[in-house]
Amino acid sequence: MQARTYLRASLFAALVVISLKLLAWKVTGSVGFLSDAMESIVNVAAAAFALFIVRIAEAPPDADHPFGHTKAEYFSSGAEGLLIGVAAALILVEAGQRLTQPQPISAVPLGAAISALATAINLGVALWMLRGAKRLRSIVIEADARHLMTDVWTSVGVIIGVLLVPVTGWLWLDPVIGIIVALHILREAFSLVKRSVDGLMDKSMTDADLAELQTVLDRFRSKDMRFDHVRTRVAGTRRFVSMHLHMPGQWSLQRAANCRYSVEKALIDAHPGMAVTIEMLTAGQESLQEENEQAHSGREQDDCTPNPPHRAPE
Ligand SMILES: [Zn+2]
């Protein structure tokens, strides 16, 4: 069986599960069941949207987008985060109202049975996908299955909580369950929005990746070769690095270019798909950009005078 089959099956199962959970909410009027249904809806919407966005993000660079399309991922996580946040806020408002004006919930055993059926379907699909993920060594399927498992545990908590309401007569318990689930959803929303903000703000690679990068550069460092102004950024699945490579001024351009090529190759070998930009400079000279950052004024260079600006004929 293929990876796509598992993902399609999980999407179909999710639709059945959501319908059952909404039914459980309808027959009982429980905010707890409503929030549980909302979490499943949010998960399915997120998964479907992610599948769609991944297609765009995978498109190769073109003339309009020479750095690729990988940042499209951040639309997905940002929009998802906001949607999930709104859903959580709506549940919080509803649950808050129920706390101040407690309402009895009805047909709890029936609602719990329907919700339990939905949860059993979720559990079965999750276990089936975990087996498939192992066989196919697929991280995507495994992540999907693990997500489904957390959904199962939330539902179990909600069902037990709602069942306790008629037993104990505590009407406040139902909205409190709703609030706990909503806060959990809100936390997920926050991490999704943070992910897209990090990406749009050109956050650097992780510390582990940076350390690995320095290990590669260490192999080339010598009394002649020096690296500085190493900058990295991550755009979705792509990583970008730019740096200075300082070498003795008397080296031939060919020798310097050979060294630059070797460094670039070693970096790409260590991080496949990484976009590497290496600026070649002499030992004693910085680029004008760096000098300006250190509040130095640019020197005039005699060796390289640009052509005079083109004047329109009079
Ligand atoms: Zn430099």
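Of the set (1) modelled with pLDDT of 95 or more; (2) more than 16 Å from the ligand (Cβ to nearest atom), all apply to Arg260 but (2).
Within segment 75-87, one or more residues are out of contact with any His (no Cβ under 7 Å at 6 or more places or on another chain) and without any contact (Cβ under 8 Å) to a residue 12 or more places away in the chain. Taken together, the residues in segment 220-257 that are crowded, with 16+ Cβ neighbours inside 10 Å, among the aliphatic types (A, V, I, L, M) and either away from the ligand (no atom under 16 Å from the Cβ) or in the same structural domain as Ser196 (by TED's automatic domain parsing) (or both) amount to 2. Here Ile121, Ile160 are screened, and the one residue that is in contact with a helix residue (DSSP H, G or I) (Cβ under 6 Å, 6 or more places away or on another chain) and either β-branched (Val, Ile, Thr) or not assigned by TED's automatic domain parsing to the domain that holds Leu20 (or both) is Ile121.
The combined condition, being touching an Asp or Glu at 6+ places or on another chain (Cβ under 8 Å) and within 22 Å of Gly32 (Cβ to Cβ), is fulfilled by Ile105.
The values are calculated or read from the model by the stated rules, or taken from the named source; none is laboratory data. Quick caveat, the model's predicted, so the values are computed rather than measured. A quick note on method: Cβ atoms are made from the backbone with ideal geometry, for glycine too, and the neighbour counts reach across all protein chains shown.
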